[in-house]
Structure formats: structure tokens, C-alpha cells
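The values are calculated or read from the model by the stated rules, or taken from the named source; none is laboratory data. Predicted model, so just to flag it, every value in this text is computed and none were measured. Positions of Cβ are generated from backbone atoms using ideal geometry, with glycine treated the same way; all protein chains shown enter the neighbour counts.
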Amino acid sequence: MAESKYDLIVIGGGPAGYAAAIRAGQLGKKVACIEMERAGGTCLNWGCIPSKALLKSAELYQSIQKAGSFGISVDSVDFDFEKVIQRSRGVADQMAKGVEFLFKKNKIEHITAQAKASAAGMVEIVDGEQKGQFFKSDNILIATGCKARRLPDLEVDGERVMTSREALVMKKRPESVAIIGSGAIGVEFAYFLNAFGSEVTVLEMLPQIVPVEDEEISKTLERSFKKQGIKSHVGIEITSIKVDGSKVKIEYERKGKSESLKVDSVIQAIGVVANLDGAVAPQLGLKTERGYLVVDDNYETNVKGIFAAGDIIGPPTLAHVATFEAVQAVNGMFGYSKPKKVTHFPGCTYCQPQVASVGMTEQKAKEEKLDYKVGKFPFTASGKAVAGNASEGFVKVLSDAKTGEILGAHIIGHDATELITEYCLAMGMEGTIDEIHHTIHAHPTLSEALAEAAGATNNQAIHI
């Protein structure tokens, strides 16, 4: 039985796992990162990165179709769906190689295997070339993330029935598709497939699409999707899904009425569940809540020396949050700095128009009976947006009526996901609405809308 001793062993190589390993390597520690697939985990290989490559292809295809509005003539435009998919896999492959390079740079031992924390201070390789080996470390970080939630009694075959993972490598474009769930993954696939000509129907159990977002943002996105030809049915309850030959039949209730839908394919985008099975020996007795690991302010579980970060400790299940948590955990376990917990974070959805937000929604402010103000600025009044044929959407900011402290910001429109960081920074610094308004923003830029929305809070926006 071979044994090796490390300062840190990380189980999982996604945005939490590889970031933790790299940070520990930067601190001069001996580190092993064990990942059963490729470096980068789900996000890099089967989520964030390849999906954004697909969305960029869709956006470019639509932009070329609209070239005439810029005075540019394009005789014909077509697409090769297989090459679109292949490009996204190439992008994921390139980024995975980048993580592998960073492992080498920081002297991290990267082990492709399945591992489990078998005891405090001990990790066992349970599958792979080094099966049966045990590694020792006073510090173990579990960063195994999440996997797609699946509907019961519905077999995923990769063609008629898919999760996001199968959809990322679909061999052909379905003529018609139902997407169950309208969170970020659901609406991104809806935009992507609709852009390339699929007939798309989004089915959502909750009262609005992108349910975690501000209600006004949700309604705006739903209207935009309708213009694009995407159907959205909210407040529904699915009663039956059956594969019927070459079609999938879905039966559901909406507003008390029974309805049905036949499509070529179904994509399940109904959230995620903790990927903890097999990663921890049951006798360890790690405390969980709703399937997620419970950690303290140092990201340590109830077993000394075993830490956890990222999606495995619960929502928000976002790659950038996972990276933040992992780095904080490592800084704490090696005494570099006191770990910080996540407070404000950006939520981003990359369909077109994009959606991005941080902090409190207006409905939440109402529920908590806060005294707040709202400032809004439409991109139709932004010179840069109009010049770029990207005037759809708006910026909305909520602030404390007395102090001006920013409570939340919500953006729908072109490059919303790039713009939201300014408000994240401001909230992290406990900034006020006036400080955003009085910061000189370059003209013409889309970012001017951030300042104008802040100014609109007190009727001081210039361009509306």
C-alpha cells in the first residue's frame, strides 16, 4: 500500500478545486489535486466555457443576418451546426490545457482519478490507474461541485432527452425542443437553439423565467424572447413526459387547463444537486444540509482538517463564487489571512439580451418593507448602445432612501455581464448611489448607463 504526504489534497478540479490547488502552490505548499475527468471540472469542460462558445456563434450568426442595418450587404449566410459544436469543444480543450499548465507552473501534482476522503487526514484513490493508493494530508479540501438534476423515470439518451451535458455535444440540431427550467442554463440553450432555427418552448414551474432575477428584468426578457420566436410558459406543472417514437410528448397543466406538446428533443435544466456520492466515506460523519456539506466561517466541516468550498457547500452554485470560496479557504487554513464569506456576488446569464444582477431585487426590498429608491436608465438613451444597434434593455439600481447605500443592481442588455462588476465593487466598498453618479464615466460607453441610472434615483439623469 503506497502512501504520500501533502500539505493539501484537493478532491475535485473545477473552479473551486483548481483555484485552491493553485493558491496553495503559490504559498509554497506541496499539493495534490485529484480530478476524475479533465482539469477544469464541469464549468470549464461541460458548462461555463463551452456554452459561451456556442452562444458566441449564435450571436455572430444573428449579427451577420442584421448586417444590412449597418449598411453592409451580405449575399447569404449559413451555418454548420457540427462545426459550431466542434469549436466549443476546442475552446474547452484549450482552457483545460491552460489549467494543466498552471498546475505544472505551481508544482501541483495533478492526478486523474476518483478519490474519496476515507478518514481525517487520509484520501483513498478508488478508481483510476492509482486505485488502492492512500495519500496523507493534514488538510483535505472537498470541491466536487454539483451535477445536473434529472427528472425521475425519464431516461437520458443524449438525443431525445438531454441534460446540459448532452446538449453541449448534440450531434444534430433538433427542429423542435422543449427546455424544462428557465434558469441561466435553460434560457441560454433557448437563445442558442432558437438563433439557429429550432422551434423552442421554455417550460417553467415558477411564475417567471429566470426566477432569481428582478421581476421587471424577467418580464423584459420574456418579451424579448417572444419577439425572437421563443415561447415561454410559466407557472406550469408537468404531469407526464414520454418518448413516443421519434418525438417526446409532454403533458402539463397551465392556469388550470391541461395542455400537451410534442417535440424532437427535451433538455432538462431544472437545477443541480450536490455531487457528494463516493467522495466521502460514510463513517466520517460529515454534516450535510439538503445534500450539501456544512462548513464554518473557515470553510471547515465538522471534521477537523476537512474543508469544503464551491458548489458542494450550497447555493449560489456559480463558478466565480466557487473560486472565491476556495481561495479564502486556503488562505485561512495556512494562516495567510482570515477567510471571508461570500456577501455580494454577480449573477450572470449570457443569452441575448444578457442579464446580470447583484444584491437585492425590488420584490425582496418590498417583502422586507425597506425604505428604498429606484433609479432606471434605458439603453435607448445611450449613444453607444444605439450606435452599436444594441439599445434593448436598461439598468436598474435600488438604494436606501436615507443613506443612499446601494442595495441591488439589475441590468438587461448588451454586455450586461461585463457591466455589473462596477456595482459589485461599489457594494463591496459600501458605496452610495451618489458616488456612482459622481464618478466620471467615459463617453460614449455603455457604462455611462450605470451612472445615469444612479442619477435617475434623484431625478438627476441628464439623458432621460
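Among residues of segment 226-276 being part of a loop (DSSP other than H, G, I, E, B) and β-branched (Val, Ile, Thr), the one that is farthest from ALA309 (Cα to Cα) is ILE230. Checked against (1) out of contact with any Asp or Glu (no Cβ under 7 Å at 6 or more places or on another chain); (2) more than 24 Å from ILE238 (Cα to Cα); (3) buried (at least 18 other Cβ atoms within 10 Å of the Cβ), LYS171 passes all but condition (3).
Suppose the filter is surrounded by fewer than 17 Cβ atoms within 10 Å (Cβ to Cβ), more than 20 Å from the chain's Cα centre (by Cα) and closer than 29 Å to GLY145 by Cβ; does ASP244 pass it? Before the answer, list the steps.
On the way: surrounded by fewer than 17 Cβ atoms within 10 Å (Cβ to Cβ): yes; more than 20 Å from the chain's Cα centre (by Cα): yes; closer than 29 Å to GLY145 by Cβ: no.
Criteria not met by ASP244.
Restricting attention to segment 256-275, does a residue exist that is within 23 Å of the chain's Cα centre (by Cα) and within 20 Å of ALA329 (Cβ to Cβ)? The answer is yes, given that some residue of segment 256-275 is within 23 Å of the chain's Cα centre (by Cα) and within 20 Å of ALA329 (Cβ to Cβ).
To keep it simple, each residue is scored yes or no on (1) farther than 30 Å from ALA442 by Cα; (2) surrounded by fewer than 18 Cβ atoms within 10 Å (Cβ to Cβ); (3) in contact with a Phe, Trp or Tyr (Cβ under 8 Å, 6 or more places away or on another chain); (4) not basic (Lys, Arg).
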| position | (1), (2), (3), (4) |
| --- | --- |
| LYS304 | yes, yes, no, no |
| ALA308 | yes, no, yes, yes |
| PRO316 | yes, yes, yes, yes |
| ALA322 | yes, no, no, yes |
| GLU325 | yes, no, yes, yes |
| PRO339 | yes, no, yes, yes |
| CYS351 | no, no, yes, yes |
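I'd like the full set of residues that are more than 22 Å from GLN354 (Cα to Cα) and among the charged types (D, E, K, R), limited to segment 402-458. The answer is LYS402, GLU405, GLU430, ASP434, GLU435.
Restricting segment 29-70 to residues that are of a type in the set (Val, Ile, Thr) and in a helix (DSSP H, G or I), which is farthest from GLY183 (Cα to Cα)? Even if it seems obvious, please write down each step before you answer.
Narrowing segment 29-70 to residues of a type in the set (Val, Ile, Thr): 31, 34, 42, 49, 64.
Next, only the ones that are in a helix (DSSP H, G or I) stay: 42, 49, 64.
Details: THR42: 17, ILE49: 17, ILE64: 28 Å.
The qualifying residue farthest from GLY183 (Cα to Cα) is ILE64.
GLU422 passes every criterion in (1) among the charged types (D, E, K, R); (2) under 15 Å from ASN458 (Cβ atoms); (3) buried (at least 17 other Cβ atoms within 10 Å of the Cβ) apart from (2). Return the residue satisfying two criteria in turn: it lies in segment 211-225 and is acidic (Asp, Glu) and assigned to a helix (DSSP H, G or I), and of such residues it is nearest to PHE379 (Cα to Cα). Once the filter is applied, the top-ranked residue is GLU216.
Of all the criteria given as (1) in contact (Cβ under 8 Å) with a residue 60 or more places away in the chain; (2) more than 26 Å from GLY25 (Cα to Cα), the one not satisfied by TYR336 is (2).
Residue-wise test of (1) touching a strand residue (DSSP E or B) at 6+ places or on another chain (Cβ under 6 Å); (2) part of a loop (DSSP other than H, G, I, E, B); (3) at pLDDT below 95.
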{"site": "PHE324", "(1), (2), (3)": "no, no, no"}
{"site": "ASN331", "(1), (2), (3)": "no, no, no"}
{"site": "LYS338", "(1), (2), (3)": "no, yes, no"}
{"site": "PHE345", "(1), (2), (3)": "no, yes, no"}
{"site": "VAL355", "(1), (2), (3)": "yes, no, no"}
{"site": "VAL358", "(1), (2), (3)": "yes, no, no"}
{"site": "LYS364", "(1), (2), (3)": "no, no, no"}
{"site": "LYS369", "(1), (2), (3)": "no, yes, no"}
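Restricting attention to segment 263-282, the residues being loosely packed, with under 14 Cβ neighbours inside 10 Å and either hydrophobic (A, V, I, L, M, F, W, C) or touching a residue at least 24 places away in the same chain (Cβ under 8 Å) (or both) number 1.
Output yes when any residue across segment 60-75 is at positive phi and touching a residue at least 12 places away in the same chain (Cβ under 8 Å), and no when none is. Even if it seems obvious, please write down each step before you answer.
First, pick out the residues of segment 60-75 that are at positive phi: 71.
Applying the additional criterion that residues be touching a residue at least 12 places away in the same chain (Cβ under 8 Å) yields none.
No, every residue in segment 60-75 fails to be at positive phi and touching a residue at least 12 places away in the same chain (Cβ under 8 Å).
Looking at segment 3-14, is at least one residue among the charged types (D, E, K, R) and modelled with pLDDT under 95? First the steps, then the outcome.
Restricting attention to segment 3-14, the residues satisfying the condition of being among the charged types (D, E, K, R) are 3, 5, 7.
This time we only want the ones that are modelled with pLDDT under 95, so: 3, 5.
Yes; the residues of segment 3-14 include at least one that is among the charged types (D, E, K, R) and modelled with pLDDT under 95.
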